[in-house]
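The values are calculated or read from the model by the stated rules, or taken from the named source; none is laboratory data. Quantities reported herein were computed from a predicted structural model and do not represent experimental measurements. Here the Cβ positions follow ideal geometry from the backbone for every residue, glycine too, while neighbour counts run over all protein chains shown.
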Amino acid sequence: MKNRTIARYEGTLKVTGQARYEGEMMPEGLLHAALVESPIACGELQSLDTSRAATLSGFATLVTHEDAASLKPSAATALIREKAIHFHGQPVALVAATTLSEAREAAKATQASIAARTALTQMGQALDQAYEPAMVGRFPASTRRGDSAKALSEAGLVVRRRYTTAVNNHHPMEPHAVVCWWEGNKVVVHTCTQAIFATRAIIAHAFEMPPVDIRVLSRYLGGGFGCKGQLWWPWMFWAMLASRKTNRPVRLELTRAQMFILVGRRQETAQDIALGFVDGRLTAIEHDVVAQTSTHAEFSDSTAVYTRFLYACPNVTTRHSLVRTNEPQPVPMRAPGTAPGTFALESAMDEAAELLGVDPLELRLDNFADRDQENGRPWSSNSLRECYRVGAERFGWAERRARSATKVGRWKIGFGMATTLYPAIRQACRARVALRADGSLLVQCGTQDMGSGTYTALGQIAADALGVPMDKITVELGDTELPDGPFSGGSQVTASIFPAVEAATAKLRAALASIATTDATSPLGGKPPEDLEFADGMIRSRSGNAGERLTDVLARAAADGLEAEGESPATDHQKLAATGMGYGAIFVEIGVDPELGEIRVRRVCGAFAAGHILNPLLAKSQYIGGLIGGIGMALHEQTATDAATGSILGKSFTDYLIPVHADMPAFDIAMIDEDDPHLPGGVKGIGMLGTAGIQAAIANAVYDAIGKRIRKLPIRIEDCL
Amino acid sequence: MSSASFNYIRAAELTDALARGERAGAAYLAGGTDLLPLWKASLTAPQEVIDISHLPLATITRSGDALTIGATARLSDIAAHPEVKAHYPLVCDGILASASGQVRNVATMGGNLLQRTRCPYFRDAGLACNKRDPGSGCGTRHGENRHAVLFGGSPGCVATHPSDLAVALAALDARIVVSSASGERELALSELYPLPGETTAPDSSLRPGEMITVIRMLNAARFANHATYLKIRDRASFEFAVVSVAAALRIADGAIAEARLAAGGVAPLPWRLEKSEAALIGRAPTEHAFAEAGALAIEGARPLEGNAFKIPLLRNAVIRALQTAGGQS
C-alpha cells in the first residue's frame, strides 16, 4: 500500500463555499425552530403557557413532551417524553415559526411553570454518593490483576496523589442543525451527525418506521469531537415532530450557548493514583476515578482503562465511579478517557521519576510493557520505545538538565514529556466502487467526514488499488442510501473503511484482469492475472512491455462500467490474537513567568507510531489538531457551573477559552511507520493520539520550570504564582 | 415586529444624533463590537439605534502639549497614528493589548470606554445581576468570582471594567468631553465611572442622551520615555485582562519626578494606585522602590473566594511594569 500526500479531496469545495453543510438546506416553505429552556436545574414541568406566543406573527406550532408521547420510549426519547427537569437550560418545548427571529421571539414568550426541587449542581457536593457503573465504554468499570494493596505495602517507593480535571465542551465550529421534512410516510433528515446509520436506526425505533423510509444525510461536518451523537437526537426528534405536525420542512440549529448544555461535555474527574516501585520497577498501580454524570443518563469515560495497559506491572487495580448531578450529560470527547487518564498516570510517573532520581524517559523505558498484560496477549505491534527514542532525539531531551529552569526573557523554561496511547479497533463497513466507461471511479460509503479527511482517505485507497488518478475519483459519503459505513468516532474510520474498499476494489481488479487476459485482442491476452498491475489509468504487465487502458478494456466488454461491493467485519474482541494499540511520545518546552503566572507552550514534538500512515499530510494535520485540543484542555478550557442555580457560566467563546493563534507553539511531528501484520493494511486510528499525553507533558514541564507540581487541569495563572 | 427589532437611524449630523439620543430606548452605535453581542444575547433591546460612526468625530490632533482624539476614531487608527506612537506610547500599548486586530479595526475610542463588563453573571439574562437588572442581586459575590474586583466593589456588584485602553488613559489623567442636546461638559475619565451601590451598578455617569465626543490628554507626552502597559491573561491574545497595569514615569536627574500607576481587572473602573505613585516620588528607579510601590498597590484589597490570587499578581505586575517603564531610556 502506498503512503502519499494528497491534498484534501473536498478542499476546493470548502474554501469556495460549494460544500453544502446540512444546516444550509433551505427547502421551500421552511419553518425555523427555537427551544424554550428551563430556568431551573431540577423539578417537574407543570404547564406551559403559550397564549401569548401563539398570537405572535409567524408562529406555526409548538412541540412538547405531549407530542413526544407518540414516540416509543427509549433512552433517546426519555428527555422529551417526560416532564422531569434534570438540568438548567433543558428544553421544555420547541417552537416553529416562519422566521428564525419569530421562532426565538415565540420561544421567549412561552412561559414554563415548573415545580422546583433542590438541585445538586456540583460533583463535590456528593462525592459520598458515588456509585460504580456497570461498564466504562466496552471495558469493565473495575479490574484487578494481582494484589496491588499488598504490593503497595511492600513497595520501596509509593507515590500516592490526587489529580483533577475540569469539564470541557467539544465546540465544533459548526453547531448542530437539522433540516427535515416528511414525504408521506417517509422522512428526509439532513443533520449534523457522526453516525448516519445509528441516527436512522434510532429514528426507526422512536417513530416505529421501517429504516427504508428514512433517509439521513450528513455529507459535510464542521467538526464533531464526539458531540454529534446521541444527545442531539431528542431535539432532532422534536424538529421532526414539528415538521410532521405542520406538514412543512423544519430547521433547528443550536446556538453557541446551547452547545454548552445540550450535546455533551467531557466529564470532570477526580483521580486517585498510587504507584508502587521496587528498584525502579512498577510493582503496583491503583487508579480510582470519580466522575460526573447527569441525573437522566449514565456515562463514564474509560479514564483508568489505559492504566491497565501502558506499563509492565503485575499488580493493577482500577475503579471507576460516578456522581449524579443536575448538570448536563457527559459523552465521549476527543481522546475520551485517555486524555484525563494519562494526565493522572503520566504526571504520577513524573513525580516518581523525581523521587527515584531517574530521568522520566528512562523510567518509562524501564517499565515498558512488552505485551498486553491485562488480556495476556501480544501486541499486534508496539513501537512505543521507538517513539520515545525518535521524539527525544528530535526534541533534544538530552539537553533537559542544562536547559530547564534557565530563563529566556521573562520566561523560565521547562521540559516535560508523557506518553499517549489509544486502541486500534474497527467497525463493520461496506463500500461500493463503480468504474465508469470513461475511466472515472465512483467510491461510496455511508460513513461521515468530520473534517478530518475521510473523503480523501476513501478516494486515495480506491485510487491506489485501481490505479485511477485522484482527479478521476468521485467520493460519496454521508447518506444512508449508500452502503453502511462506520460511525465517526473512536479513531476507527480509516481502519474500518480500508478493508472494505480493498475487498471491493479486489473484485474489480479481478474482473478487469479476467476481461483483459482472456481476450486475445488485448495486449495483455494470455498474461497471468498475478502479473498485472493497475497504475496511471492502465492495466500493465509487470514482466513485459504490455499494457492497456482501463477505458479500452471496459469499452470492449463492459460498456456500462463495472461495479463491486466489499465488506469487512468489526474487531472481534473475544477472538483477538493480538491487542492493537497506537502510541505516541509527547515532548514539550514551556515558558512560565513565575511572578505573573503566565504559561506559554513554546515547542511540541510528538512522535507517533500508529500502524501504516496512508496520507502523511492528513495525518500531520490530525496530530497537530489533536495536540492543540490537548493544549486547550491543559491550559485553557473549563466549563463552570453556577452552584446556586446550576446554570452554566460564560456560554460563549469570550469566556470559554481555547488556544488562539498567538498560543501556538512550534510543532514537530514524527511518524514512525509500523508494519502490523495483525491489522488489515496495518492501519491504526490516529485521531485520538495527539489529544492525550500532552496535558501531563505540560504539567511535568511546569514542574521542571518552576518546581511547582500542578495536579489539576486546566493549569492557570493562579496555580503558578 | 419582534421585540428585538429596532429602528436604525444614520444620523445626518451630530446635533441630529444628540436630539434623537435623548429619547427613551435610544442607543448610539459606533463600532458595534459590544452593542451587537449585547443585543444578540437579549441583554439590551434598544428601540432606536443611532449610527454615529460616519460623523466627523474621528480626528486625532496634537497641538502643543495636548492630544485630542475624537470619540469615533478607530482603535487601530489611533494605535497606528505617528504622533500617538511617538509621544503617547502607553495609549498604543493599551490598544494593542486589546481584543483582536479585527475588533480593533472597527471598535472606537468612545465605545471602548463605554463597553460593558464581562462578568458572566451580567452577560447571562437568566442570572442575578444588579448592573443589568437593578435589585435582582449579585450572583458573582458568592458564585464563580475569579474575575471579580479587589477594590471598589459593593455588596451589590463586584464586576470589573473590561477596557485596557481606559487603564492607560487613566494613568495619563485623560479627560473626556461629553456632548448632549443641551451642550457640552468636560470631566476627568475617573468621573465617568461611578462606584456600584447596594442594588444598582450603573456603568457610567453619562446622563440619558449624552455622548462622549472627545478624549483629551494635556501634557501627557512627558511620560513617553518611561511608560508601559502590562496585561496578564490566560492565553496570549484576544482575552480580557486578568490583571493589568499601566505605568508611566518621568525620571529627571536619576530620580522619579512623577509617577502614574493604574490597574485593570481589579476594580469597577481603572484603579489609580495613588499610594504607590506617591511612594515613588523623589526615589531612584530601583528594585527597592518598585517593591515598595508593589506592596502599597495591594493595600485595602478585598478578595472574594475565587480571586485572592490577584493580590500577589497585582503586586508583581506593578513591580514588573515599573521595572519595564523605569528601565527604558
| message | On the basis of being surrounded by fewer than 20 Cβ atoms within 10 Å (Cβ to Cβ) and either assigned to a loop (DSSP other than H, G, I, E, B) or modelled with pLDDT of 95 or more (or both), does residue A:489 make the cut? | response | no
| Boolean, residue A:624 is at pLDDT 95 or above, surrounded by fewer than 23 Cβ atoms within 10 Å (Cβ to Cβ) and within 20 Å of residue A:388 (Cα to Cα) | yes
| note | With criteria (1) out of contact with any strand residue (DSSP E or B) (no Cβ under 9 Å at 6 or more places or on another chain); (2) within 25 Å of residue A:171 (Cβ to Cβ); (3) buried (at least 23 other Cβ atoms within 10 Å of the Cβ); (4) small (Gly, Ala, Ser), residue A:223 comes up short on (3)
| note | Residue hits (the stretch A:652-662; more than 7 Å from chain B (Cβ to nearest Cβ) and of a type in the set (Val, Ile, Thr)) are A:658
| remark: Filtering the stretch A:697-714 down to residues that are crowded, with 24+ Cβ neighbours inside 10 Å and either over 30 Å from residue A:457 (Cβ atoms) or within 14 Å of another protein chain (Cβ to nearest Cβ) (or both) yields A:698, A:699, A:700, A:701, A:702, A:704, A:705, A:713
| field | Among (1) crowded, with 21+ Cβ neighbours inside 10 Å; (2) hydrophobic (A, V, I, L, M, F, W, C); (3) over 13 Å from residue B:304 (Cα atoms), the one test that residue B:106 misses | value | (1)
| Residues within the stretch A:375-408 that are touching a residue at least 24 places away in the same chain (Cβ under 8 Å) and either hydrophobic (A, V, I, L, M, F, W, C) or surrounded by fewer than 16 Cβ atoms within 10 Å (Cβ to Cβ) (or both), tallied | 13
| query | Of the residues that sit in the stretch B:1-30 and are away from every other protein chain (no Cβ under 14 Å) and part of a loop (DSSP other than H, G, I, E, B), which one is nearest to residue B:43 (Cα to Cα)? | reply | B:25
| remark: When residue B:305 is run through (1) in a helix (DSSP H, G or I); (2) surrounded by fewer than 20 Cβ atoms within 10 Å (Cβ to Cβ); (3) touching a residue at least 60 places away in the same chain (Cβ under 8 Å), the failure sits at (1)
| remark: Over the stretch A:629-651, the set of residues at the interface with chain B (Cβ under 8 Å from one of its Cβ atoms) and within 22 Å of residue B:137 (Cβ to Cβ) is A:640, A:642, A:643, A:644, A:645, A:647, A:649, A:650, A:651
| query | Among the strands (runs of 3 or more DSSP E) confined wholly to the stretch A:522-573, which include 3 or more residues that are more than 21 Å from residue A:501 (Cα to Cα)? | reply | A:547-549
| field | Elements of type helices (runs of 4 or more DSSP H) contained in the stretch A:19-126, each with 2 or more residues being over 34 Å from the mean Cα position of the chain (by Cα) and more than 30 Å from residue A:321 (Cα to Cα) | value | A:100-109
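Here's the yes/no breakdown for (1) surrounded by fewer than 20 Cβ atoms within 10 Å (Cβ to Cβ); (2) within 30 Å of residue A:659 (Cβ to Cβ):
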position: B:224; (1), (2): yes, no
position: B:236; (1), (2): yes, yes
position: B:241; (1), (2): no, yes
position: B:249; (1), (2): no, no
position: B:256; (1), (2): no, no
position: B:262; (1), (2): no, yes
position: B:266; (1), (2): no, yes
position: B:278; (1), (2): yes, no
position: B:284; (1), (2): yes, no
| field | strands (runs of 3 or more DSSP E) lying entirely in the stretch B:150-218 (those with 3 or more residues that are touching a residue at least 60 places away in the same chain (Cβ under 8 Å) and crowded, with 17+ Cβ neighbours inside 10 Å) | value | B:175-180, B:211-218
| said: Which numbered condition in (1) in contact (Cβ under 8 Å) with a residue 24 or more places away in the chain; (2) surrounded by fewer than 22 Cβ atoms within 10 Å (Cβ to Cβ); (3) closer than 25 Å to residue A:712 by Cβ; (4) more than 14 Å from chain B (Cβ to nearest Cβ) is the only one that residue A:166 fails? | reply: (4)
| message | Take the conditions at positive phi, outside the structural domain of residue A:40 (by TED's automatic domain parsing) and at pLDDT below 95 and apply them to residue A:124. Does it pass? | response | no
| message | Suppose we keep only residues that are part of a loop (DSSP other than H, G, I, E, B) and more than 20 Å from the chain's Cα centre (by Cα) within the stretch B:237-256. Which one would you say is nearest to the other protein chains (Cβ to nearest Cβ)? | response | B:254
| said: Being touching a residue at least 40 places away in the same chain (Cβ under 8 Å) and either assigned to a loop (DSSP other than H, G, I, E, B) or of a type in the set (Asp, Glu) (or both): is that true of residue A:596 here? | reply: yes
| request: Take the stretch B:219-249 and flag every residue that is among the hydrophobic types (A, V, I, L, M, F, W, C), free of Cβ contacts under 8 Å to residues at least 40 places away in the same chain and touching a Ser or Thr at 6+ places or on another chain (Cβ under 9 Å). | output: none
| Which number in (1) in contact with a Phe, Trp or Tyr (Cβ under 8 Å, 6 or more places away or on another chain); (2) surrounded by fewer than 21 Cβ atoms within 10 Å (Cβ to Cβ) marks the one condition that residue B:138 misses? | (2)
